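This report concerns only the one structure given below.
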Amino acid sequence: MQLHSRIQKTLRRLAAALLAACLLAGAAQAAAPATDYLPVLMYHHFDEDTQGSKMIVSPERFSEQMQALADAGYTAVTPEQIVDYVDNGTPLPEKPVWISMDDGYESNLTYAAPVLAENGLCATIYCIGVSVGKSTYKNLGVPIIPHFSYETAKKWVDAGVINVQSHTYDMHNVSTLDVADYRRGVLPRADESLDGYMAAFRADFQKSNAAIRAAFGYDSLAFAYPYGLHNAVTEGMLQTLGVRLTVTIREGINTLTQGDPACLYSMTRFNITDDVTGAQLLDKIAEPAA
C-alpha cells in the first residue's frame, strides 16, 4: 500500500510538472509577437531599349513580372497597410509584396501604371522633388530622362494604383553636375557642423513633403535614401518628422514584427532588372524555408 501511495504521489507530481510546462510554453507562445515576411521590389526607369542597364526594365519584361506576381497570389501593399500591421496588428494579405520605383520617371506612368492596374497591383513611387515635371537637370539645361509632374500622377494616385513618397527634394545629387554644392546622398558635407547638417536635411525633407501634401493631400509616410546612404541622424530625424518607413538598396526580405516600429526603418529591397524572368522573380522573393 505504501508503495502504491508513493507511485500515485510521483505520478501526480509528474502530471503537475507537465501541466506547468505546458502552461509556460503556451504563455511564451502567446507572448511572442506576430511576424510576417515582406519582400520589397525596387524599379527605376522603363524603356524598350534597356541599354544593358541595371536601372532600366523593358515594358514587356515588367508586364511578365507583374503577371507572375498576380498569378502566384501576391497582393501589393501600401505604406499605410504596412504601418497598420506593425502598429495595430491589422493582418496583411497572405502573400504581401511592396512594389517601389525610385526617382519619379515619366515611364512609371506611361508604361508601369497601366500594367499595375491590369494586374490589380499598386506601387510606391519615390520622387526627387527638384526634378518633378522636368526633362533637364535643374537650371543647367542638361537633358535628363523625363520625370512626371504631380498633376499627371494625380489620376493614378486617386485610382489607388500609385502613391507618391519622398526621395528628398534636392539631395539626390550628381557629382559631375552638382560640382559646387555636391552632397553624397543625404550624408553631411565635410565642412558642415552637426547643427548645420540637421537644419539642411530637415529643410530639404520639409520642402519635399510640402509639395507632396499640396499635390495629393497627405504627408509623406515613407522615404527612400538616395543611393541607399543614411546614418543614425537621418533615421532619428525622419522619425521625428513623421516618416514611418525608410528604405535602402540593400537586398533581402524584411521581417515585420507587430509592436516593433524599428522594423520599419532601413528596410531592404530587391533591385529588379530586365534579365529577371517572372519565374525567377518568384524564386527571388519566396519566403525563406522554416
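Just need a number here: residues in segment 43-55 that are open to solvent by 10 Å² or more (accessible area, probe 1.4 Å), under 19 Å from the mean Cα position of the chain (by Cα) and within 23 Å of V157 (Cα to Cα).
2
Does segment 144-154 contain at least one residue that is more than 30 Å from E118 (Cβ to Cβ) and touching a strand residue (DSSP E or B) at 6+ places or on another chain (Cβ under 8 Å)?
no
Quick one: which residue in R250, R213, R244 is surrounded by fewer than 19 Cβ atoms within 10 Å (Cβ to Cβ), more than 23 Å from F148 (Cα to Cα) and of a type in the set (K, R)?
Result: R250 is the single residue among R250, R213, R244 that is surrounded by fewer than 19 Cβ atoms within 10 Å (Cβ to Cβ), more than 23 Å from F148 (Cα to Cα) and of a type in the set (K, R).
Among residues belonging to segment 102-141 that are β-branched (V, I, T) and open to solvent by 10 Å² or more (accessible area, probe 1.4 Å), point out the one that is farthest from the chain's Cα centre (by Cα).
Among those that are β-branched (V, I, T) and open to solvent by 10 Å² or more (accessible area, probe 1.4 Å), it is T136.
Sort out which residues of segment 184-206 are of a type in the set (D, E, K, R), closer than 12 Å to L241 by Cα and open to solvent by 30 Å² or more (accessible area, probe 1.4 Å), and write them in order of number.
Matches in segment 184-206: R202 only.
Pull up segment 266-290, narrow it to residues that are part of a helix (DSSP H, G or I) and in contact with a helix residue (DSSP H, G or I) (Cβ under 7 Å, 6 or more places away or on another chain), then point me to the one that is most open to solvent (accessible area, probe 1.4 Å).
A279
From the list D102, D181, D195, which one is at pLDDT below 95 and among the acidic types (D, E)?
Exactly one residue qualifies, and that residue is D181.
Which pairs have Cβ atoms under 9 Å, sit 6 or more apart or on different chains, and link a residue in segment 90-106 that is closer than 13 Å to M55 by Cβ to one that is hydroxyl-bearing (S, T, Y) and not in a strand (DSSP E or B)?
From residues that are closer than 13 Å to M55 by Cβ, the pairs are D103/S131.
State all residues of segment 230-255 that are closer than 24 Å to D36 by Cα, in a loop (DSSP other than H, G, I, E, B) and of a type outside the set (S, T, N, Q); if no residue qualifies, say none.
G242, V243, R244, I249, R250, E251, G252, I253
Which of the following residues is in a helix (DSSP H, G or I), out of contact with any helix residue (DSSP H, G or I) (no Cβ under 9 Å at 6 or more places or on another chain) and hydroxyl-bearing (S, T, Y): Y227, Y182, Y197?
Y227
Out of all the residues in segment 257-265, is one or more part of a strand (DSSP E or B) and at pLDDT 95 or above?
yes
Would segment 161-174 turn up any residue that is open to solvent by 10 Å² or more (accessible area, probe 1.4 Å), under 23 Å from S107 (Cα atoms) and assigned to a strand (DSSP E or B)?
Scanning segment 161-174, I find at least one residue that is open to solvent by 10 Å² or more (accessible area, probe 1.4 Å), under 23 Å from S107 (Cα atoms) and assigned to a strand (DSSP E or B), so the answer is yes.
The values are calculated or read from the model by the stated rules, or taken from the named source; none is laboratory data. In this text the structure is predicted, and so the values were computed from the model without any measurement. Note: ideal-geometry Cβ built from the backbone for every residue, glycine included; neighbour counts use all protein chains shown. Heads up: the accessible areas ignore ligands, DNA and RNA and are worked out on the full protein's heavy atoms, side chains in. Shrake-Rupley method; radii C 1.70, N 1.55, O 1.52, S 1.80 Å.
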